[in-house]
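In what follows, a single structure is set out as structure tokens and then discussed.
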Amino acid sequence: MTFMNVVFLFPTTPNTSAIDMNYTVVVLGAPCCLWSGITFRCTELCTGLLARYGTSVTKVN
């Protein structure tokens, strides 16, 4: 999948305009960036919670 994303980064013709541009990289790149951001933020949040409360978090009713 990474190889195909790199292939789609290059235009099909040397002189490309906005009309002729291949927007596949935008369609594939946006969810990848979103997923990376969410994953990083959740990891940061979970690490902070574990550091603050430890591993023995009890459920509050």
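One chain, two ends: Ala30 and Leu50. Fully extended at 0.36 nm per residue, the span grows by 4.2 nm beyond their Cα-Cα distance.
The percentage of C-alpha pairs in the chain whose separation is greater than 13 Å is 73%.
No value in this document is a laboratory result; all are computed from the given coordinates. None of the values given here were measured: they were computed from a predicted structure.
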